[in-house]
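A.B. asks: My questions will all concern the structure given below.
Quick note: the coordinates plus some simple rules give every number you see, no bench work behind them. This is a predicted model, so every value here is computed, not measured. Backbone-built Cβ (ideal geometry, glycine too); neighbour counts: all protein chains shown.
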Amino acid sequence: MKSHLNRRNVIFTTVATSFVAGFGFAATPDPTSEKAGAPVTPQNKTPQFRNGLPAAPSPAKKPFVIEQLGVKRTDDYHWMKDDNWQAVLRDPSLIRADVKAALIEENAYSAAMLASTKDLQTTIFEEMKGRIKEDDASVPSPDGPWEYYSRYEKGGQHPILARRPRSTTPFRDGVPSIEATRAVEQILLDEDERARESKAGGHDYYETSGAEHSPDHTLYAWGEDTQGSEYYTIHVRDLKTGEILPGSITSSEGNFVFSPDSQYIFWIWRDENSRPAKVFRRPARGGEDVLIYEEKDDGFFLSIGTASSEAFIVIGAGDHETSESWLIPAANPTAMPVVVEPRTAGLKYDLDHWDDRFVIYTNADEAIDFKIMSSTAAVPARSTWQEFVPHRPGIYVTGVEVTKRHMIRTERENANTRIVITRKADMAEHEISVAEQAYSLGGGSGYEYDTDLIRYGYTSPTTPSQTFGYNMETREKVLLKTQTIPSGHNPADYEARRLYATAPDGEKVPVTVLMKAGTRLDGSSPLLLYGYGSYGIPMDPTFSIRSLSLVNRGWIYAIAHIRGGTEKGYGWFLDGRKFKKKNTFTDFIAACESLCDAGYGTRGKVVAYGGSAGGMLMGAVANMRPDLWSGIIGAVPFVDVLNTMSDTSLPLTPPEWPEWGNPIEDKQAYDYIVSYSPYDNIDAKPYPPVLATGGLSDPRVTYWEPMKWIAKLREKSTSGAPMLLKINMEAGHGGASGRFDFLKEIAFDYAFAIWAHDKGWLKA
């Protein structure tokens, strides 16, 4: 199914140049920003000093008693949650004055504590920026008479999205010559220009969600978020006149698709609790919105796309355990959708159309690592499914896509990926694989259905991203682009290894290590250990322009592929969720201790790093083994698990009960969450220094989670190590939106890691 936000197309996106999910969401606001709420006095802009160090903020404790399932608990920092948070997401100026003042005081304290690292932050930022080709461009993707691509201007924070006539512009290493392209290209969307207009209107944040041309190439649409709250406005441009059509779509989830006949746009509406809840259809050039689907279950999210054959528009609904698809025939786009297979608890499926049949990607019949079925029925209900690619335990089928004559599926085994091609004429298979210890592959067919050509990306921790063109029929491959590192990069200067740590229950946990070639494994090197381990999201071993700034300073950079992800199959995910969640934490601890035993680091001198649900991991391992870490970075950390999973007004709470359990109705879930929830398990013990970051407009991990976490850590810790909080007052879950501004946030995180390690706070 083709959709810019569909789960499957996320899987088939060309491999990125850095670690993606849950990584690097740290925020770097102006600590004296006064753009929200009431005036702020100088006293809470500039921290007082004691014994030569800035005095830490001491937030008020206001006991708030919560009774749930017959159990009472007291939350001293409940007051930090603004009850008007839904309005704050859309307009941060509405934040309650006392909350704003406390946030600004925290930001000022963090800035003062790390003032000595300002030059280091600048140096690291310039290093990372120097690894980016500023005027880079993507390999064009052909569609009919045009080729579509993105490119950056030097110094640009956001891309220019453009097209040019097909096969008319010279290439350099598979990428269009910028000079030649400008003479013939048509700019579809200049994101930097739109960002400047947004800033002039008072919004420092700018991000797009998807950008698509209509199948007839006459319209161009994109979603725009100027707050970081993930409420998007969809604009449509007439490509003949260049004008944006009146009547933009507001309150969108950002997910939309043109009908194959280009006459309609199907889009998803986000409700007041920031949940995608309805699908509307409207004429592509503007007009009345018609409701065609409404999701009644608060726990289900929605997606919209078209089948690869363009014979159907497909609506997807689902949570972490169950899914459902609805079809609208492209020949009759105003028809109401028809369900494929009604939702059954625990049954996940997705489908695509392959001319004379459907292919169905599913976990039916206890296929834990998924399989592929087929059906020739007009509406492929489950009773019509026939086995196509059988289930093979331990080989996780991560996605499937079709072109007219071939099927492409991706598989994962032992934290590595491969691409398997099936020829429709005779069902013969062959695979694209790489014989390295740690690497990542990803690929897909692009816009066109009647083609034998696909693109795939290859990368490893030592190898910059490469994009290949591949002929599925002849098996010929052509290198179209290699990621350019302007400041220089020699893969031979580095070494990547795949190690295995033994978890307490005997499971072997993959660990990817990147270090300078020849690094002595005597425990003397600083070690940063990154982890995520939730939602089945794998941490692929890819090239990162960011981690090199630590590795080049003698650090060892490691990723623990812990349970809760899918690096070793879908069962690896199931063994790290809900009532098995603690496996995620003990796997990470085992990875740390195994690395230290092998000389890659030393206990007490390891910096742990994780973001979002990986921030929950950081909170858990801080409570369980504070002695292992010289510092902990929790980026937009999901640490207030019990309170969040008990608040049904929050966007992700009902959809995530399958992941964590429902503590409102299930006493077993309540007790299990209580046993590990980071915020609820903070106790009097010597914690290492902690940096927590967040965004004021974040609808996923709300600002008060890191705020409460740091306040309680500072109150309880017996070590005297600093507890730092930075809240970006102008952004949401992903931090700053510009490509360079985001790097400044990563530079801040890395500077904290170096500072925390060098200070040795727990030994001072």
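A.B. asks: At a 10 Å Cβ-Cβ cut-off, how would you order Ser110, Ser649, Ser198, fewest neighbours first?
C.D. replies: Listed from fewest to most nearby Cβ atoms, that is Ser649, Ser198, Ser110.
A.B. asks: Starting from the Cα-Cα distance between Asn84 and Thr122, subtract it from 0.36 nm times their residue separation and give me the gain in nm to one decimal.
C.D. replies: Computed gain between Asn84 and Thr122 is 10.0 nm.
A.B. asks: Quick one: length gained pulling Ala377 to Asn332 fully straight, 0.36 nm per residue minus the C-alpha distance?
C.D. replies: Answer, rounded to one decimal: 14.4 nm.
A.B. asks: How many angstrom separate the Cα center of the range 513-583 from the Cα center of the range 593-620?
C.D. replies: What the calculation gives is 9 Å, centre to centre.
A.B. asks: Per-residue HN-Hα couplings for the range 646-657, Karplus 6.51 cos²θ - 1.76 cosθ + 1.60 at θ = phi - 60°, whole Hz, x for Gly and Pro?
C.D. replies: 9, 10, 6, 7, 6, x, 9, 5, x, x, 9, 4
A.B. asks: In the range 427-467, which residues have a backbone nitrogen under 14 Å from the label point lying 7 Å from Ser167's Cα in the Cα-to-Cβ direction?
C.D. replies: Only 451-453 pass the distance filter.
A.B. asks: Can you give me the distance in nm between label points at Glu310 and Thr474, each placed 7 Å from the Cα along the Cα-to-Cβ direction?
C.D. replies: According to this spin-label approximation, the distance is 2.6 nm.
A.B. asks: Determine the shape class of the range 430-513: with a ≥ b ≥ c the square roots of the Cα gyration tensor eigenvalues, call it rounded for a/c under 1.5, and otherwise prolate if a/b is greater than b/c, oblate otherwise.
C.D. replies: oblate
A.B. asks: Given +1 on the Cβ of Lys and Arg, -1 on the Cβ of Asp and Glu, and no further charges, what dipole in debye does the chain carry about its Cα centre, rounded to the nearest 20?
C.D. replies: Rounded to the nearest 20 debye, it is 1720 debye.
A.B. asks: Which of the three applies to the chain, rounded, prolate or oblate, going by the alpha-carbon gyration tensor with a ≥ b ≥ c and a/c under 1.5 meaning rounded?
C.D. replies: rounded
A.B. asks: Arrange the following residues from fewest to most other Cβ atoms within 10 Å of their Cβ: Lys581, Lys726, Lys685.
C.D. replies: With the sparsest Cβ surroundings first, the list reads Lys685, Lys581, Lys726.
A.B. asks: Which trypsin sites (Lys or Arg not before Pro) in the range 405-502 sit in a loop by DSSP (not H, G, I, E or B) and have at most 13 other Cβ atoms within 10 Å of their own Cβ?
C.D. replies: Sparse-neighbourhood loop trypsin sites (Lys or Arg not before Pro): Arg475.
A.B. asks: Once a ≥ b ≥ c are taken as the square roots of the eigenvalues of the Cα gyration tensor of the range 135-308, is the result rounded (a/c under 1.5), prolate (a/b larger than b/c) or oblate (a/b not larger than b/c)?
C.D. replies: Prolate is the answer for the range 135-308, as a/c is 1.5 or above and a/b outweighs b/c.
A.B. asks: Fewest Cβ neighbours within 10 Å first, please rank Leu762, Leu291 accordingly.
C.D. replies: Starting with the residue having the fewest Cβ neighbours, the order is Leu291, Leu762.
A.B. asks: Going through the cross-link list Lys62/Lys100; Lys61/Lys578; Lys296/Lys581, which pairs have a Cα-Cα distance over 20 Å in this structure?
C.D. replies: Lys61/Lys578; Lys296/Lys581
A.B. asks: In whole Hz, with x marking every Gly and Pro, tabulate ³J(HN,Hα) for the range 498-515 from phi via Karplus 6.51 cos²θ - 1.76 cosθ + 1.60, θ = phi - 60°.
C.D. replies: After applying 6.51 cos²θ - 1.76 cosθ + 1.60, I find 10, 10, 9, 9, 9, 6, x, 8, x, 5, 9, 9, x, 9, 9, 10, 10, 7 Hz.
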